[in-house]
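Peer 1: I am attaching a structure below and will ask some questions about it afterwards.
The values are calculated or read from the model by the stated rules, or taken from the named source; none is laboratory data. Worth saying up front: this structure is predicted, and the values here are computed from it rather than measured. Positions of Cβ are backbone-derived with ideal geometry, glycine not excepted, and every protein chain shown enters the neighbour counts.
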Amino acid sequence: SDGVLLFDREGVVVGQRFDPSTRRFTGEARPVADSYLNPVGHLGYLPVAAGGRTIAFWQPQPRMIQLEWRARDGKVLEPVGQPDAYGAFDLSPDDRQLAIARGTANSDIWIVDIASGRDYQLTNFPEGESRPVWSPDAQRVAFRSPRGAGGSYNVFATAISAPFKAEPLAQAPVNMYPVGWTRDGRSFAWVQFSSAIVEVARAVLALNETR
């Protein structure tokens, strides 16, 4: 926009004047107002349109959600807990408790008692955790966490009673999503994303640099 190149700097969209003929920046990089990317994460995933002297971009906002029980015909029966910015959730096998990701930026896992609506925080990690999955005996919850190898999102689990110690179920330098336990609780399944796509991106980048 008007000779300014937009890019991501530590989660903030910034603009800096750029001359494509010399391939050089001039001046200082300045942030675009209210353009913090979290939870989108990177400018490549943020729709941006720049024309003339105007910049337009889409900024996701956390939605306040009220959980509720509904009858099969869709009629609202009763609310569950308080309105908040909720994410993925899982209902315990005995239907008594809800494990749910909650938070406006980096979410943590919370346990909600269905009958009373009382809740408590199960995980507390600065980078956030999500995708809770109950064990068959309703005594543990597995979740996706960046505590993994090399900062990867790996699968961890913790008991729902204190001291809430997170222990790895599967660790590798790749990103994983928890799927769940087998019914006997002896095995666990997860989805694993290979780093091959990252290696391809690096190869393409290296090829472009040589040109």
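Peer 1: Is at least one residue of region 180-197 farther than 29 Å from PRO93 by Cα, modelled with pLDDT under 85 and not in a loop (DSSP other than H, G, I, E, B)?
Peer 2: yes
Peer 1: Then there's this: Restricting attention to region 92-127, which residues are in contact with a strand residue (DSSP E or B) (Cβ under 8 Å, 6 or more places away or on another chain) and over 23 Å from TYR153 (Cβ atoms)?
Peer 2: Once the filter is applied, which keeps residues that are in contact with a strand residue (DSSP E or B) (Cβ under 8 Å, 6 or more places away or on another chain) and over 23 Å from TYR153 (Cβ atoms), region 92-127 yields SER92, PRO93, ARG96, GLN97, VAL112, ASP113, ILE114, GLY117, ARG118, ASP119, TYR120.
Peer 1: Which ones in region 5-32 are assigned to a strand (DSSP E or B) and in contact (Cβ under 8 Å) with a residue 24 or more places away in the chain?
Peer 2: LEU6, PHE7, ASP8, VAL12, VAL13, GLY15, VAL32
Peer 1: Run PRO62 past the list (1) outside any strand (DSSP E or B); (2) at pLDDT below 85; (3) more than 30 Å from TYR177 (Cβ to Cβ) and report the number of the one that doesn't hold.
Peer 2: (3)
Peer 1: Shifting gears a bit: If GLU129 satisfies all but one of (1) within 25 Å of ARG63 (Cβ to Cβ); (2) among the acidic types (Asp, Glu); (3) surrounded by fewer than 22 Cβ atoms within 10 Å (Cβ to Cβ), what's the number of the condition it fails?
Peer 2: (3)
Peer 1: When region 74-93 is examined, which residues are found to be more than 25 Å from the chain's Cα centre (by Cα) and either part of a strand (DSSP E or B) or in contact (Cβ under 8 Å) with a residue 24 or more places away in the chain (or both)?
Peer 2: The answer is VAL76, LEU77, GLU78, PRO79.
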